[in-house]
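Below you'll find the structure, written out as structure tokens, and then a few comments.
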Amino acid sequence: MPPFAALPVELVRDILELAAEGDLATSTTLTRVNRAVKSWIEPALYETVVLESASALSSFSAVLEQRPRLAAHVKHLGLIAPGPIPTVHRILHACARVPSLACGFSLPSYATQFAGEPPLALAAREQHLLMSACRDGRWDSALASPYTTHLRLHIDAESWDVLSPARLAAWPALTHFAVVLSPCTPIPSAPDDIPDALLSFLRVLDELPLQVLLVQVAGGKTRKRSAVQRLRALGKENNARRLVVEPAPVSTVRQWEDTARMGGTGAMWDSAVAEVASRKENWAAATTS
């Protein structure tokens, strides 16, 4: 007698969905049980999709071509592979309503090949433009939707100007902004090392609608430690209460994927938002005492 034969179907479904939640291997295995179980599990299986190679891009593109309705299940889409860009474009078209998007492909290359078409899924409310996505600091801010509320960028030596008010004006809905300083990015270690764009931004930070500016510093331990200390001191000097500085995770891609599979990428922002809220409370208490 099957082990679940005496149980209500709804309870069996709850058990299997719970078993599949957050475990890709279990989800994949359960889809092979029968058609009913497959229909229950597939939404969870495709909720977070991370594509890190050209072959993975091609395979997922082929799946969406055969079964376009699967795109509706995708809530977190990671297009980490650098290309091919036409395949990336097809997936963006298919998953145009995805709410959370992580990109590792070159945005300037994408814009060059598809200049006359809207970026579609780049309209996701939460976007993580990682690795080589923003390697060329001259990429067009319009590639990220004006409706974006949460944005994280990897920046290089040519990208500091993304902190300028003119660039930020492209994202009027932005409330949570993170920048990852890659190992090749010049890091402020002394007053004369601080880029003008960063200084200017910190001076007007409290006048902007941002709730938090999170700076994640990548690189070796010594480099990260000194840079984090310097940037935190810089924030205090400029009374930038919304600036939070922390060491970058070993892999920003893994951080995005892990938090997505745990139910949402909001966890990445939680500690920074809590720190800003704590500062606000302390400041309010100090001004009323």
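Only the coordinates and a few stated rules stand behind these numbers; no lab work does. Here the structure is a predicted model, which is why all the values come from computation and not from measurement. Reconstructed Cβ throughout: ideal geometry from the backbone, glycine too, with neighbour counts over all protein chains shown.
Taking Cβ atoms as reference points and 12 Å as the exclusive limit, the residues near residue 281 contribute a net charge of +2, counting Lys and Arg as +1 and Asp and Glu as -1. Could you tell me the calculated FRET efficiency between residue 149 and residue 236, based on Cβ-Cβ distance and R0 = 35 angstrom, to the nearest 0.05? Working from the Cβ atoms, E equals 0.80.
Relative intensity of region 46-288 on a log10 scale, I(q)/I(0) at q = 0.18 Å⁻¹, equals -1.42, per a Debye sum over C-alpha point scatterers of equal strength in the absence of solvent.
The alpha carbon centroids of region 215-273 and region 71-98 are separated by 26 Å. The length gained by stretching the chain between residue 55 and residue 229 to full extension, at 0.36 nm per residue less their Cα-Cα distance, is 58.4 nm. Relative protection proxy for 165-173, 77-85, 247-255, from highest mean packing down: 77-85, 247-255, 165-173 (other beta-carbon atoms within 10 angstrom).
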